[in-house]
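Derivation of every value follows stated rules applied to the coordinates shown; laboratory data play no part. This one's a predicted model, so the numbers in the text were calculated from it and none came from an experiment. In this analysis, Cβ positions are derived from the backbone assuming ideal geometry, glycine residues included, and neighbour counts consider all displayed protein chains.
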Amino acid sequence: MVELKYLITNGYVSKETLEGYTNKGWTFVATVPAKSIHPFATDEDKATIFSKYHDYMVPEQPAEEEESREGYELINCTECGKDKWVEEGTWALDKGMCEPCYCAYEGG
């Protein structure tokens, strides 16, 4: 994931500011007229854009507790081989399949 940050100044940023951002892992992208980013910027204002790359992390799903699934039974699907919660009293459960596999099995 790429994070973007901009800094609006009256003119170009100083060399020290550029070094400060790059030392913190930011990459200089461009300097553009600030009016293209902010509606209240003056004609002299400049926007300096920086970027930083972050690894994308998939959020962990909380583990579901068996007690929290009242009316469902955890099975290992005979078709896809995955552990799935299936509603009790259904034909899918009788066949030992999860609901998506049972629908495919029935042609739906």
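Of note:
- Look at the alpha carbon pairs under 8 Å that are at least 6 residues apart: their mean separation over the length of the chain gives a relative contact order of 22 percent.
- q = 0.13, 0.17, 0.19, 0.21 Å⁻¹: log10 I(q)/I(0) that the Debye formula gives for the chain, counting C-alpha atoms only: -0.61, -0.85, -0.99, -1.07
- Local electrostatic count at T17 - Lys and Arg +1, Asp and Glu -1, tallied over other residues with Cβ under 14 Å: +2
- Residues whose placed amide H lies under 5 Å from that of E79, excluding near-sequence neighbours: C98
- Dipole size of the stretch 2-53 about its Cα centre, with +1 on Lys/Arg Cβ and -1 on Asp/Glu Cβ: approximately 160 debye, rounded to the nearest 20.
- The stretch 2-53 shape via C-alpha gyration tensor axes, a/c threshold 1.5: oblate
- Taken over the chain, lysine pairs spaced eight or more positions apart, or on distinct chains, with alpha carbons under 13 Å apart number 4.
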